[in-house]
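A short write-up of the structure that comes next.
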Amino acid sequence: MSDRTKAASRSKRTQSSIKPVETAKGYEKRTIALVYDFDGTLSPKPMQEYGFLPAIGEDPAAFWAEVNRKAYEHEAEGLIVYMHLMYQKAKAAGVEIRRDDLVALGRGVELFKGVEAWFDEIENYIKLRAETAVSVRHYMISSGLKEIIEGTTIYPRFHNVFASEYFFEPYELPFPKRVITDTNKTQYLFRINKGVEDLRQSINSHMPEDQRPIPFANMVYFGDGDTDVPSMAVTRSNGGCAVAVHPPGGKQAKCQDLYRAKRVDFYAPADYRRGSDLFRRTCLLLDRILADIRVREEMWTLQSDAT
Ligand SMILES: [Mg+2]
């Protein structure tokens with residue numbers, strides 16, 4: 001790096017640490033982020049059960065029981081065990097499943113009612129209700145497989161998808177490239193919050209609140225169970241909202257536990273159609289977020305005038 005470049009980058013750094021990002025163009029924190037878990041939240045069953053496990057002749061209940069048993073026996077991370085075991089079993093069954101095959105399996109993954117139309121419906125609702133320009137982004141953070149998610153019909157609706165992933169090339173068996181556990185899901189919430197979505201960039205450097213492009217207050221996290229607790233807790237303790245879903249017509253006990261423990265603002269059956277309880281309750285949270293954005297913008301204007 002030349003001295004001139006160093007000086008330029010130093011002065012850029014100094015400037016950005018003094019001036020809040022809004023000063024140049026007006027109040028900018030008008031992006032709402034809706035963040036979803038996948039298995040059990042957008043889709044009724046774990047994604048591996050729709051194509052992968054049938055393809056290798058595995059019974060899902062037996063497979064997950066073996067994952068749990070091995071993880072317990074070896075004190076291993078369950079997610080690494082499942083990623084390893086999937087391919088060990090495929091190899092034993094003489095079935096070769098490449099990256100493209102996993103993507104193709106995504107087409108067979110079932111989604112809850114209304115999920116496909118949900119993205120447009122929510123965006124239309126925000127357009128209708130927002131009095132100033134507000135945009136919405138959808139994100140997914142899943143312990144499931146990025147490759148399978150890429151094959152689902154809803155993949156293009158996401159601004160970004162953070163999920164577990166394999167290396168395929170250099171190993172006899174595909175090897176985990178990224179494993180997203182319950183607790184490290186929260187890293188991705190901070191990536192959304194700080195606008196650091198390039199996974200090659202470190203997320204740990206300090207960034208003052210006023211420089212973070214999507215405040216937690218503009219976020220809603222959707223999940224279905226215990227594996228979402230860290231994400232729900234991080235979102236809510238930083239001023240955002242969380243919603244739990246349960247299978248329509250199925251057990252609500254987990255959601256009720258989460259609600260009683262104040263992990264979530266609302267819970268509802270995973271029916272994403274317009275007019276459903278989930279749609280209505282999400283819209284209530286969006287109304288509050290839209291009002292908050294206007295309040296913060298007004299305060300920001302006063303503060304700019306007062307300084
Ligand atoms: Mg889930």
Handout entry: Sequence ranges 228-235, 244-251, ranked by mean other-Cβ count within 10 angstrom, highest first
Key = 228-235, 244-251
Practice task
Can you tell me the order of 299-307, 33-41 when each peptide is scored by its average per-residue count of other Cβ atoms within 10 angstrom, highest first?
Solution key: 33-41, 299-307
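Could you grab the relative contact order for region 199-307? Cα pairs under 8 Å, six or more apart, rounded to a whole percent. Could you put the intermediate results ahead of the total?
On the way: 113 pairs, mean separation 20.1, N = 109.
Normalised by residue count, the contact order of region 199-307 is 18 percent.
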Handout entry: Long-range HN-HN contacts of Ser43 with modeled amide H, under 5 Å
Key = Phe112
Practice task
Could you tell me what % of all Cα pairs in the chain have separations over 28 Å?
Solution key: 45
Exercise for the section: Mind pulling the angle between the C-alpha long axis of helix 277-306 and the longest principal axis of the chain? Nearest 10 degrees, somewhere in 0 to 90. Expected result: 30
Practice task
Take the chain, connect every pair of alpha-carbon atoms lying under 10 Å apart with a spring to form a Gaussian network, then pick out the residue of Ala61, Ala104, Ala90 with the largest mean-square fluctuation.
Solution key: Ala61
Problem - Distance (nanometres) between label positions extended 7 Å along Cα→Cβ at Ala76 and Ser202 - result: 3.1
Fill in the blank from the handout: Computed curve, region 148-307, Cα-only Debye sum without solvent term, log₁₀ I(q)/I(0) at 0.14, 0.15, 0.21 Å⁻¹, is -0.88, -0.99, -1.48
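State, as an integer percentage, the relative contact order of region 55-212 based on alpha-carbon contacts under 8 Å between residues 6 or more apart. Intermediate results must be reported in sequence, preceding the final value.
Working: 151 pairs, mean separation 30.5, N = 158.
Answer for region 55-212 is 19 percent.
Based on Cβ point charges of +1 for Lys and Arg and -1 for Asp and Glu, what charge dipole magnitude is obtained for the chain about its Cα centre, in debye rounded to the nearest 20? Present the calculation step by step, with values, prior to reporting the outcome.
On the way: 43 positive and 43 negative charges, 206 e Å.
Dipole of the chain, to the nearest 20 debye: 980 debye.
Going by average Cβ density within 10 Å per residue, which order do the peptides 76-85, 286-295 take, highest to lowest? Provide the component values of the computation, followed by the final result.
Numbers: 76-85: 18.3, 286-295: 16.5.
Put in order of decreasing packing, that is 76-85, 286-295.
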Practice task
Enumerate the calculated ³J(HN,Hα) couplings along region 199-210 in order (Karplus 6.51 cos²θ - 1.76 cosθ + 1.60, θ = phi - 60°), each rounded to whole Hz, writing x wherever the residue is Gly or Pro.
Solution key: 5, 6, 8, 5, 9, 8, 5, 5, 10, x, 3, 6
Completion exercise
Full extension between Asn124 and Arg294 adds, at 0.36 nm per residue less the Cα distance, a length in nm of 59.3 nm
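What shape does region 161-226 have by the C-alpha gyration tensor, where a ≥ b ≥ c are the square roots of the eigenvalues, rounded means a/c under 1.5, and otherwise prolate means a/b greater than b/c and oblate the rest? Spell out each step's value before the answer.
Working: a/c = 3.23, a/b = 1.70, b/c = 1.90.
The shape class here is oblate.
Per DSSP H run of n ≥ 4, the term is -39500 (n - 2.57); total these for the chain, divide by its residue number, and report the mean residue ellipticity at 222 nm rounded to 500 deg cm²/dmol.
On the way: 11 runs with 134 residues, N = 307.
It lands at -13500 deg cm²/dmol.
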Practice task
Identify all aspartates and glutamates with a Cα-Cα distance to Lys45 below 14 Å; exclude those on the same chain that are fewer than 8 residues away in sequence.
Solution key: Asp37, Asp59, Glu110, Asp224
Completion exercise
At the level of C-alpha centres, the distance separating region 61-105 and region 139-206, in angstrom, is 19
Exercise for the section: Report, by chain and number, residues whose modeled amide H sits under 5 Å from the one on Met207, excluding near sequence neighbours (fewer than 5 apart, same chain). Expected result: none
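Let me know the Kirkwood hydrodynamic radius for region 19-146, please, with Cα pairs as the basis and the value in Å to one decimal.
Working: mean 1/r = 0.0561 Å⁻¹.
So the Kirkwood estimate lands at 17.8 Å.
For Tyr155 and Asn68 in one chain, what is 0.36 nm times their gap in residues minus the Cα-Cα distance, to one decimal in nm?
Details: separation 87, 0.36 × 87 = 31.32 nm, distance 2.91 nm.
Going from the current span to full extension adds 28.4 nm.
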Problem - Amide proton proximity set for Ala33, modelled H, under 5 Å, gap of 5+ - result: Arg137, Met219, Val220
Completion exercise
Note, region 214-221: 3J(HN,Hα) by Karplus (6.51, -1.76, 1.60, θ = phi - 60°), whole Hz, Gly/Pro = x, goes 10, x, 4, 4, 9, 10, 10, 9
Exercise for the section: Enumerate the calculated ³J(HN,Hα) couplings along region 125-138 in order (Karplus 6.51 cos²θ - 1.76 cosθ + 1.60, θ = phi - 60°), each rounded to whole Hz, writing x wherever the residue is Gly or Pro. Expected result: 4, 5, 4, 5, 8, 6, 8, 10, 5, 10, 10, 10, 10, 10
Completion exercise
Ranked by GNM mean-square fluctuation in the chain (Cα springs under 10 Å), the top entry among Ile149, Ile203, Ile180 is Ile203
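We did not get these values from a lab; they are worked out from the coordinates using the rules stated. These figures come from a predicted structure and were not determined experimentally. Methodologically, a virtual Cβ is constructed for each residue, glycine included, from the backbone with ideal geometry; neighbour enumeration extends over all protein chains shown.
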